[in-house]
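The values are calculated or read from the model by the stated rules, or taken from the named source; none is laboratory data. Computed from a predicted structure; not experimentally measured. Virtual Cβ from ideal backbone geometry, glycine too; neighbours counted across all protein chains shown.
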Amino acid sequence: MSSMSGHRGFHITAEPIDVDRLKRQLATDAAGACVCFEGWVRDHNEGRPVTALEYEAYEALARKEGERILAAARSRYELLDVACWHRVGRLEIGDCAVWVGVTAAHRGAAFDACRFVIDQVKQDVPIWKKEHYRDGASGWVNCATGAPRSEPR
């Protein structure tokens, strides 16, 4: 699992995401734009009150897919830098679950690339989300890449 020491690339971490530090690390004199996305844990989903989330990842494949997505963003848009961090483990309401940061010379490329990265990560990266509800129930949601295994292969 990645520590918060590096900023480039795709990272899976159990540590809180320090968005301010990561944004500062993207800074460069060549950048005219920096666009960041923070995905937060909210207190509801589809009308049900949520108390916490758990994320699990097939880490080796998640990193591979994440890096593929970032490479696609770099080739598709004129970027100076791009990074993505995704949490695993138990997260509380208000925690940052995923962060994407993009720098570019111009805002259009930065906005477009940031949206592209988060949309592709949500669609293609094998990270699964389990919601815990106020009534004590829990369930896996948005598992397009299949249900998590206790021991990923």
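Numerical summary
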| read-out | value |
| --- | --- |
| Meets criteria (out of contact with any Asp or Glu (no Cβ under 8 Å at 6 or more places or on another chain) and either surrounded by fewer than 18 Cβ atoms within 10 Å (Cβ to Cβ) or at pLDDT 95 or above (or both)) for residue 105 | no |
| Boolean, residue 30 is exposed (fewer than 15 other Cβ atoms within 10 Å of the Cβ), small (Gly, Ala, Ser) and in a loop (DSSP other than H, G, I, E, B) | yes |
| Criterion (of a type outside the set (S, T, N, Q) and in contact with a Pro (Cβ under 7 Å, 6 or more places away or on another chain)) met by exactly one of 61, 53, 22, 79 | 61 |
| Per-region count, the range 63-88, residues outside any helix (DSSP H, G or I) and touching an Asp or Glu at 6+ places or on another chain (Cβ under 8 Å) | 3 |
| Any hit, the range 27-45, residues being modelled with pLDDT under 95 and of a type in the set (D, E, K, R) | no |
| Residue ID - nearest to the chain's Cα centre (by Cα), chosen from residues in the range 33-62 that are of a type in the set (Gly, Ala, Ser) and in a strand (DSSP E or B) | 39 |
| Verdict on residue 13 being over 13 Å from the mean Cα position of the chain (by Cα) and of a type in the set (Val, Ile, Thr) | no |
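Let's see how each residue does on (1) in contact (Cβ under 8 Å) with a residue 60 or more places away in the chain; (2) touching a Pro at 6+ places or on another chain (Cβ under 8 Å); (3) over 18 Å from residue 10 (Cα atoms):
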| residue | (1), (2), (3) |
| --- | --- |
| 44 | no, no, yes |
| 75 | no, no, no |
| 86 | yes, no, no |
| 102 | yes, no, no |
| 113 | yes, no, no |
| 119 | no, no, no |
| 123 | no, no, no |
| 136 | no, no, yes |
| 139 | no, no, yes |
